[in-house]
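Below is one structure, written out as structure tokens, with a few remarks after it.
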Amino acid sequence: MRAIFLSDVHLGTRACNAEALLHFLAHHEADTIYLVGDIVDGWRLKSSWHWPQLHNDVVQKLLRKVRKGARLVYVPGNHDEFLRDYASSTFGGVEIVEEAMHRTLDGRRMLVLHGDKFDAVVTNIRWLALLGDWAYDVAIFLSMHISRARRRLGLPYWSFSAWSKEKVKRAVSYISDFENAVAADAARHGVDIVVCGHIHKPAMRQFERVLYLNTGDWIESCSAIVEHRDGRIELVDWRHRCEPPLRGAAAAPVRSAA
């Protein structure tokens with residue numbers, strides 16, 4: 001690959017699907033890897049320590065790619081905002097920046113940012129954002145137990161957290177408003193493509209002047225944005241490519257854009 005874009009891994013939480021990410025990293029090499037925020041969940045680690053070997057393996061895997069010659073660019077998000085104090089610094093070959101600019105093979109300018117600055121709740125009402133983060137963890141916990149019960153009954157996979165998140169966000173038009181805000185800001189800055197994370201909703205959507213890309217997460221969607229050697233941009237759904245497939249996964253299409 002020319003570039004890989006990953007976000008919302010949330011290392012340090014029980015919800016993190018580190019095994020799937022390790023499988024993805026084992027099957028992909030790239031000139032540049034962009035970590036688009038919320039890679040480490042500093043919010044969760046402040047309240048309780050959870051750092052199994054698999055999470056350490058993810059960090060070591062990324063650093064190994066740096067040692068092999070890959071460029072690793074870290075754009076902090078709101079959950080790893082402590083790293084924003086070190087913007088413009090480099091540690092062990094890892095570049096930390098507030099935002100990044102990537103140039104595609106065909107010359108298009110791609111803005112890379114986490115996206116939390118477009119979320120009024122995170123930006124202006126921090127206590128409510130923390131409450132929402134806790135509620136999401138509860139939803140993930142319930143989803144795991146509901147899925148286990150459905151498997152025992154021979155029923156297909158169903159995600160309570162995804163269902164509840166979709167219902168709530170649909171009611172307030174959150175996702176649409178977020179995508180429009182990000183794309184509009186990118187257009188004002190004169191870029192052709194914008195890549196972000198934050199809302200855990202993988203997407204590839206063409207606005208009037210800007211291609212909006214969201215990497216998704218490594219909790220449920222297990223997705224990433226990649227730029228191939230021929231310049232083709234793809235939204236990769238890795239949940240449906242793992243060997244063996246991740247629990248509850250079914251075939252799903254992969255989206256790409258020229």
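The values are calculated or read from the model by the stated rules, or taken from the named source; none is laboratory data. Small disclaimer: the values here were computed from a predicted structure and weren't measured. Note that we place each Cβ from the backbone using ideal geometry, even for glycine, and neighbour counts take in every protein chain shown.
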Residue selected from the range 3-29 under the condition of a type in the set (G, A, S) and within 14 Å of D57 (Cβ to Cβ), by the criterion surrounded by the fewest Cβ atoms within 10 Å (Cβ to Cβ): A26
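Just to be sure before I move on: is V58 touching a helix residue (DSSP H, G or I) at 6+ places or on another chain (Cβ under 8 Å), under 20 Å from D31 (Cα atoms) and either modelled with pLDDT under 90 or not in a strand (DSSP E or B) (or both) in the structure I sent? Please lay out each step first, then the result.
Values: touching a helix residue (DSSP H, G or I) at 6+ places or on another chain (Cβ under 8 Å): yes; under 20 Å from D31 (Cα atoms): yes; either modelled with pLDDT under 90 or not in a strand (DSSP E or B) (or both): yes.
When the stated conditions are applied, V58 passes them.
Restricted to the range 222-235, and to residues that are without any contact (Cβ under 8 Å) to a residue 40 or more places away in the chain and either farther than 18 Å from G37 by Cβ or surrounded by 23 or more Cβ atoms within 10 Å (Cβ to Cβ) (or both), which residue is nearest to the chain's Cα centre (by Cα)? Steps first, please.
Looking only at the range 222-235, we keep the residues that are without any contact (Cβ under 8 Å) to a residue 40 or more places away in the chain, and these are 223, 232, 234-235.
Filter once more, keeping what is either farther than 18 Å from G37 by Cβ or surrounded by 23 or more Cβ atoms within 10 Å (Cβ to Cβ) (or both): 223, 232, 234.
On the way: S223: 7, R232: 20, E234: 14 Å.
Ranking the candidates gives S223 first.
Might you let me know whether the range 14-29 holds any residue that is more than 15 Å from V236 (Cα to Cα), in a loop (DSSP other than H, G, I, E, B), at pLDDT 95 or above and out of contact with any His (no Cβ under 8 Å at 6 or more places or on another chain)?
No, the conditions are met nowhere in the range 14-29.
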Residue list for the range 237-258, filter: under 16 Å from L25 (Cα atoms) and either at pLDDT 95 or above or touching a helix residue (DSSP H, G or I) at 6+ places or on another chain (Cβ under 6 Å) (or both): W238, C242, L246
Hits in the range 27-71 - residues which are in contact with a Ser or Thr (Cβ under 8 Å, 6 or more places away or on another chain) and closer than 19 Å to D217 by Cα: L35, V36, G37, D38, I39, D41, R44, H50
First in the range 179-203 and over 20 Å from D8 (Cβ atoms), second anywhere and in a helix (DSSP H, G or I) and hydrophobic (A, V, I, L, M, F, W, C), Cβ under 9 Å, 6 or more apart: D192/A186
Any hit, the range 94-110, residues being surrounded by 13 or more Cβ atoms within 10 Å (Cβ to Cβ), on the phi < 0 side of the Ramachandran plot, in contact with a helix residue (DSSP H, G or I) (Cβ under 6 Å, 6 or more places away or on another chain) and acidic (D, E): no
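What residue, of D137, D185, D133, is assigned to a helix (DSSP H, G or I), at pLDDT below 95 and either of a type in the set (K, R) or more than 25 Å from N17 (Cα to Cα) (or both)? Spell out the reasoning first.
Numbers: D137 fails: either of a type in the set (K, R) or more than 25 Å from N17 (Cα to Cα) (or both); D133 fails: either of a type in the set (K, R) or more than 25 Å from N17 (Cα to Cα) (or both).
So the residue among D137, D185, D133 that is assigned to a helix (DSSP H, G or I), at pLDDT below 95 and either of a type in the set (K, R) or more than 25 Å from N17 (Cα to Cα) (or both) is D185.
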Scope the range 34-64; condition β-branched (V, I, T) and within 20 Å of D116 (Cα to Cα); matching residues: V36, I39, V40
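Name the one entry in Y34, Y86 that is under 23 Å from A203 (Cβ atoms) and of a type in the set (S, T, Y).
Y34
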Residue within the range 203-214 that is modelled with pLDDT of 90 or more, buried (at least 23 other Cβ atoms within 10 Å of the Cβ), of a type in the set (S, T, N, Q) and touching an Asp or Glu at 6+ places or on another chain (Cβ under 7 Å) present: no
Filter result for R84 (part of a helix (DSSP H, G or I) and surrounded by fewer than 20 Cβ atoms within 10 Å (Cβ to Cβ)): yes
Qualifying residue in the range 154-163 (condition: modelled with pLDDT of 90 or more and outside any helix (DSSP H, G or I)): no
Candidate set: the range 30-48, residues that are under 19 Å from L72 (Cβ atoms) and among the hydrophobic types (A, V, I, L, M, F, W, C); chosen: the one surrounded by the fewest Cβ atoms within 10 Å (Cβ to Cβ): A30
